[in-house]
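**Student:** Please read through the structure below; I'll follow up with questions.
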Amino acid sequence: AAESRAAVSDARATRLALGFAGLAGAVGVGSGAFGFHGLRRMLSARGRTDLERWQKIWEIGVQYSLVTSAAIAAVAALPESTPRKRTALGALTAGVPMFSWSIQAYVLSGASAFQYLTPFGGLAMMGGWSALAVGALLEPPADEDGYGDGGENAEESARLPR
């Protein structure tokens with residue numbers, strides 16, 4: 001029963017992570033389009049100057065949102081459930097709003113309070129990437145062939161270079 005609950009919990013966490021990745025990806029694409037087509041006009045109408053600087057800042061938020069949403073989807077799709085995978089998903093997921101979206105909120109509002117959140121989002125993203133690296137390099141595979149499937153792919157695994 002405990003294994004069944006853990007499997008349901010892992011499946012739910014995977015669905016939530018994939019859902020968030022889809023949302024973050026959609027927001028990234030939409031905000032990228034807005035940044036290209038309407039950001040300068042909006043900022044200019046609000047009396048902002050140095051529009052090139054503001055657009056570059058905006059683009060950083062877009063880029064990190066898109067890259068991280070793809071990473072979240074890729075990590076969520078990994079077959080094994082490990083503590084480092086869960087840590088990577090949590091940290092990367094927290095990093096998107098704290099880093100990318102706080103940058104965009106800062107550009108839109110001009111409120112410097114958002115700048116104080118951005119470094120924590122960057123640290124969360126770095127933690128997520130680090131957890132992924134440590135998990136890949138240090139955690140043993142779930143079974144002999146490394147697929148986490150109880151050995152069903154042992155023949156295929158034997159053909160892979162070690």
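The values are calculated or read from the model by the stated rules, or taken from the named source; none is laboratory data. All values reported here derive from a predicted model rather than from experimental measurement. Counting neighbours? That spans all protein chains shown, and the Cβs are built from the backbone with ideal geometry, glycine included. To get the accessible areas, we keep the full protein, side chains included, count just its heavy atoms, and leave off ligands, DNA and RNA. Shrake-Rupley method; radii C 1.70, N 1.55, O 1.52, S 1.80 Å.
**Student:** Of all residues in the stretch 95-110, how many are of a type in the set (A, V, I, L, M) and open to solvent by 40 Å² or more (accessible area, probe 1.4 Å)? Walk me through how you get there before you give the answer.
**Tutor:** Residues of the stretch 95-110 of a type in the set (A, V, I, L, M): 96, 98, 103, 105, 107-108.
So of that shortlist, the ones also open to solvent by 40 Å² or more (accessible area, probe 1.4 Å) come out as 98, 108.
Of the residues in the stretch 95-110, 2 are of a type in the set (A, V, I, L, M) and open to solvent by 40 Å² or more (accessible area, probe 1.4 Å).
**Student:** Let me ask something else about it. Would you check which residues across the stretch 39-77 are among the small types (Gly, Ala, Ser) and over 16 Å from Tyr106 (Cα atoms) and list them?
**Tutor:** Across the stretch 39-77, the qualifying residues are Ala45, Ser69, Ala70, Ala71, Ala73, Ala74, Ala76, Ala77.
**Student:** Quick check on my filter: what residues within the stretch 43-94 are assigned to a helix (DSSP H, G or I), surrounded by fewer than 17 Cβ atoms within 10 Å (Cβ to Cβ) and among the hydroxyl-bearing types (Ser, Thr, Tyr)?
**Tutor:** Of everything in the stretch 43-94, just one residue is assigned to a helix (DSSP H, G or I), surrounded by fewer than 17 Cβ atoms within 10 Å (Cβ to Cβ) and among the hydroxyl-bearing types (Ser, Thr, Tyr), namely Ser44.
**Student:** Identify all residues within the stretch 95-115 that are part of a helix (DSSP H, G or I) and either in contact (Cβ under 8 Å) with a residue 60 or more places away in the chain or of a type in the set (A, V, I, L, M) (or both); write none if there are none.
**Tutor:** Within the stretch 95-115, Val96, Met98, Ser100, Trp101, Ile103, Gln104, Ala105, Val107, Leu108, Ala113 meet the criteria.
**Student:** Is there any pair with a first residue in the stretch 47-72 that is under 19 Å from Met126 (Cα atoms) and a second that is basic (Lys, Arg) and surrounded by fewer than 20 Cβ atoms within 10 Å (Cβ to Cβ) whose Cβ atoms are under 7 Å apart and which are 6 or more apart or on different chains, and what are they?
**Tutor:** No pair meets every condition.
**Student:** Can I ask one more? Can you name the residue in the stretch 8-37 that is surrounded by 12 or more Cβ atoms within 10 Å (Cβ to Cβ) and β-branched (Val, Ile, Thr) and is also nearest to Gly95 (Cα to Cα) among such residues?
**Tutor:** So, considering only residues that are surrounded by 12 or more Cβ atoms within 10 Å (Cβ to Cβ) and β-branched (Val, Ile, Thr), the one nearest to Gly95 (Cα to Cα) is Val27.
**Student:** Tell me which of these Arg40 doesn't satisfy, since it passes every other one: (1) under 30 Å from Ala11 (Cα atoms); (2) of a type in the set (Lys, Arg); (3) open to solvent by 70 Å² or more (accessible area, probe 1.4 Å).
**Tutor:** With respect to (1) under 30 Å from Ala11 (Cα atoms); (2) of a type in the set (Lys, Arg); (3) open to solvent by 70 Å² or more (accessible area, probe 1.4 Å), Arg40 is out only on (1).
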